[in-house]
Amino acid sequence: MKQKITVSAPGKLMLLGEHAVVYNRPCLVTAVNQRLTLIAQVIDKPLFQLEAPDAGVTNYSKPLFEIGQGDIPKGAKFVEIATLNFTKKHRIKQGIKIKTTSDFSPLFGFGSSSASTVCILKALSELFKVKLSNRQIFELAFKTVLDIQGTGSGFDVAAATFGGTLYYSKAGKKTIKPLNLKSLPLIIAYSGIKADTVTLVKEVATKAKRYPEIIDNIYNQIATLVNIGEKALVKNDLQTAGELMNFDEGYLAALGVGSKKLADMIYSAREAGAYGAKLSGAGLGDCMIALASNDKIQAVKEAITKTGGKIVEVKVNASGVRVEK
Ligand code: MEV
């Protein structure tokens with residue numbers, strides 16, 4: 001049996017379909033080349049030990065039989081509950097020492113929680129020789145996220161597991177379809193504001209209770225633009241994809257998850273010649289994305305920077321969870 005393993009999983013960016021995807025509509029998501037790396041090691045003592053400095057967790061240690069119990073720091077929750085789900089299911093009784101590091105700030109909304117959940121499940125399956133397909137890793141990781149958050153679509157877990165650019169829906173048996181893209185010249189910028197996904201999902205749910213028909217119609221419109229967007233991206237029709245991003249931004253504003261800061265960044269990108277721009281993720285803060293032709297990219301970046309946005313240089317369409325060594 002292997003005693004130590006290093007695995008990594010990518011961060012993600014939502015292209016089209018956030019919020020509606022929680023209510024069984026489809027979305028488009030791409031994996032980014034900034035990754036979360038996790039080292040897991042089997043140890044002699046029956047302990048669960050975790051170092052996750054990027055998530056504010058240092059020197060965290062507890063007996064194996066106490067995993068999942070007591071006060072769990074926020075930054076340890078996903079790795080700990082995933083370990084609990086795995087060790088319970090596969091009757092593992094050995095101690096484990098884990099360390100995570102991230103290429104990206106947890107503030108960006110790139111999905112450090114889902115990436116770390118996927119990483120620990122991949123690492124444990126390799127260490128304890130439990131053969132898990134990517135689909136099984138995805139299912140167990142999604143269950144873990146739901147155990148902790150009670151809500152979520154799983155699109156971020158799908159991106160961390162499978163990588164690439166995906167058409168995703170959690171409706172029915174869940175659709176995870178990789179898209180074969182020629183190019184995706186995406187500009188990404190951080191707003192400087194940290195968004196809380198769970199709170200925003202709840203706020204939208206409250207609005208949906210008050211205005212059920214309106215919100216349901218918005219979700220249906222978003223589903224339609226995601227379906228058109230999938231075809232546009234596969235055909236490399238970036239003009240259409242950009243216009244659909246603008247539509248989506250309008251619907252997200254109607255859901256109440258826009259903000260002045262994001263709107264300033266988004267309008268400046270459009271005015272500098274982007275095909276389209278929108279927020280990406282839960283809204284209010286985190287990142288925005290813009291799609292532009294190569295000759296416009298520099299101008300769009302400069303315009304966003306002038307509004308106080310911070311350009312994040314990442315490549316999209318990155319590979320999914322993998323063993324590093
Ligand atoms: C957050 O990044 C995207 C949401 O659609 C939540 C989710 O899909 O889990 C708001």
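The values are calculated or read from the model by the stated rules, or taken from the named source; none is laboratory data. Note that the coordinates shown come from a computational prediction; the quantities given were computed from them, not determined experimentally. Every residue, glycine among them, receives a Cβ derived from its backbone with ideal geometry; neighbour counts consider all protein chains shown. What goes into the accessible areas is simple: the full protein's heavy atoms, side chains included, and nothing from ligands, DNA or RNA. Shrake-Rupley method; radii C 1.70, N 1.55, O 1.52, S 1.80 Å.
Taking helices (runs of 4 or more DSSP H) as the structural unit, those lying wholly within the stretch 88-166 and holding at least 3 residues that are more than 16 Å from the ligand (Cβ to nearest atom) and touching a residue at least 60 places away in the same chain (Cβ under 8 Å) correspond to 112-127.
Please determine whether any residue of the stretch 45-66 is in contact with a Cys (Cβ under 6 Å, 6 or more places away or on another chain), away from the ligand (no atom under 14 Å from the Cβ), within 21 Å of residue 107 (Cα to Cα) and assigned to a strand (DSSP E or B).
First, the residues of the stretch 45-66 that are in contact with a Cys (Cβ under 6 Å, 6 or more places away or on another chain): none.
Within the stretch 45-66, none of the residues are in contact with a Cys (Cβ under 6 Å, 6 or more places away or on another chain), away from the ligand (no atom under 14 Å from the Cβ), within 21 Å of residue 107 (Cα to Cα) and assigned to a strand (DSSP E or B).
Somewhere in the stretch 169-177, is a residue buried (at least 23 other Cβ atoms within 10 Å of the Cβ), among the β-branched types (Val, Ile, Thr), touching a helix residue (DSSP H, G or I) at 6+ places or on another chain (Cβ under 6 Å) and on the phi < 0 side of the Ramachandran plot? Checked against the condition, which is being buried (at least 23 other Cβ atoms within 10 Å of the Cβ), among the β-branched types (Val, Ile, Thr), touching a helix residue (DSSP H, G or I) at 6+ places or on another chain (Cβ under 6 Å) and on the phi < 0 side of the Ramachandran plot, the stretch 169-177 yields no hits at all.
Mind checking which residues of the stretch 167-201 are more than 14 Å from the ligand (Cβ to nearest atom), part of a loop (DSSP other than H, G, I, E, B) and more than 17 Å from residue 289 (Cβ to Cβ)? Correct list: 172, 173, 180, 182.
Which of the residues belonging to the stretch 283-297 are outside any strand (DSSP E or B), within 16 Å of the ligand (Cβ to nearest atom) and open to solvent by less than 10 Å² (accessible area, probe 1.4 Å)? Passing the criteria: 283, 285, 286. Can you name every residue in the stretch 193-231 that is closer than 27 Å to residue 307 by Cβ, open to solvent by less than 30 Å² (accessible area, probe 1.4 Å) and of a type in the set (A, V, I, L, M)? Once the filter is applied, which keeps residues that are closer than 27 Å to residue 307 by Cβ, open to solvent by less than 30 Å² (accessible area, probe 1.4 Å) and of a type in the set (A, V, I, L, M), the stretch 193-231 yields 195, 200, 201, 204, 218, 222, 225. If I filter the stretch 253-268 for residues that are surrounded by 22 or more Cβ atoms within 10 Å (Cβ to Cβ), of a type in the set (Gly, Ala, Ser) and over 23 Å from the mean Cα position of the chain (by Cα), do I get at least one hit? So far as the stretch 253-268 goes, yes, one or more of its residues are surrounded by 22 or more Cβ atoms within 10 Å (Cβ to Cβ), of a type in the set (Gly, Ala, Ser) and over 23 Å from the mean Cα position of the chain (by Cα).
For the stretch 306-321, residues that are open to solvent by 70 Å² or more (accessible area, probe 1.4 Å) and touching a strand residue (DSSP E or B) at 6+ places or on another chain (Cβ under 6 Å) total 2.
One line per residue, one yes/no per condition, for (1) surrounded by fewer than 24 Cβ atoms within 10 Å (Cβ to Cβ); (2) modelled with pLDDT of 95 or more:
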{"site": "5", "(1), (2)": "yes, yes"}
{"site": "30", "(1), (2)": "no, yes"}
{"site": "82", "(1), (2)": "no, yes"}
{"site": "93", "(1), (2)": "yes, no"}
